[in-house]
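All remarks here apply to the structure that follows.
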Amino acid sequence: MNLKEKINNDLKDAMKAGDKLKLETVRSIRALILEFEKSGAGKELTQDDEVKMLSTAVKKRKDSIEQFRNAGRGELAVKEEKELEILLTYLPKQLSEEEIYSEIKRLAAEIGATSKSDFPKLMPLVMKELKGKADGKLVKSIVEKILL
């Protein structure tokens, strides 16, 4: 089942259950899918496109949570956190920090990356490998630690 079908099914389930937060969140994902389809790109929605779309939505939620916390708007931050939890269910399983670290170590060893000057070679390779499975900021900080 692709993302569009899953979203449509979850949308119906949320309506039946009367879960307003899930309904709102699923509708936002559906809107992203419709926007992609009507963009005129003339291509099918691939799994990479789905992951990219969802990752962007997750990043926006994380940024919003931080902004709301800084502004003292805890109730809005909590709402965003709940939406974030729903969004994460549609992404591939997120790797733990240890799993990310070991994966980056393996990739660094494969290409012989040992110093900061190897960052431009290693980072794109790591992001391609971990796309949708790990937060980009966390990946960048681990890559920088490894390449000291």
Quiz item: Can you name every residue in the range 89-101 that is in a helix (DSSP H, G or I), charged (D, E, K, R) and closer than 26 Å to D49 by Cβ?
Solution: E99
Quiz item: Within the group E44, E110, which residue is part of a helix (DSSP H, G or I) and without any contact (Cβ under 8 Å) to a residue 40 or more places away in the chain?
Solution: E110
Quiz item: Somewhere in the range 2-14, is a residue within 23 Å of G132 (Cα to Cα), of a type in the set (A, V, I, L, M), over 15 Å from the mean Cα position of the chain (by Cα) and assigned to a helix (DSSP H, G or I)?
Solution: yes
Quiz item: When you go through I104, I86 one by one, which is the residue that is assigned to a helix (DSSP H, G or I) and in contact (Cβ under 8 Å) with a residue 60 or more places away in the chain?
Solution: I86
Quiz item: If you go through the range 65-79 one residue at a time, do you hit one that is surrounded by fewer than 16 Cβ atoms within 10 Å (Cβ to Cβ) and either touching a residue at least 60 places away in the same chain (Cβ under 8 Å) or within 20 Å of K133 (Cα to Cα) (or both)?
Solution: no
Exercise. Specify the residue that is modelled with the highest pLDDT; the eligible residues are those in the range 1-35 that are farther than 19 Å from T56 by Cα, of a type in the set (A, V, I, L, M) and surrounded by fewer than 13 Cβ atoms within 10 Å (Cβ to Cβ).
Key: A17
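The values are calculated or read from the model by the stated rules, or taken from the named source; none is laboratory data. No experiment lies behind these values; they were computed from the predicted model shown. In this analysis, Cβ positions are derived from the backbone assuming ideal geometry, glycine residues included, and neighbour counts consider all displayed protein chains.
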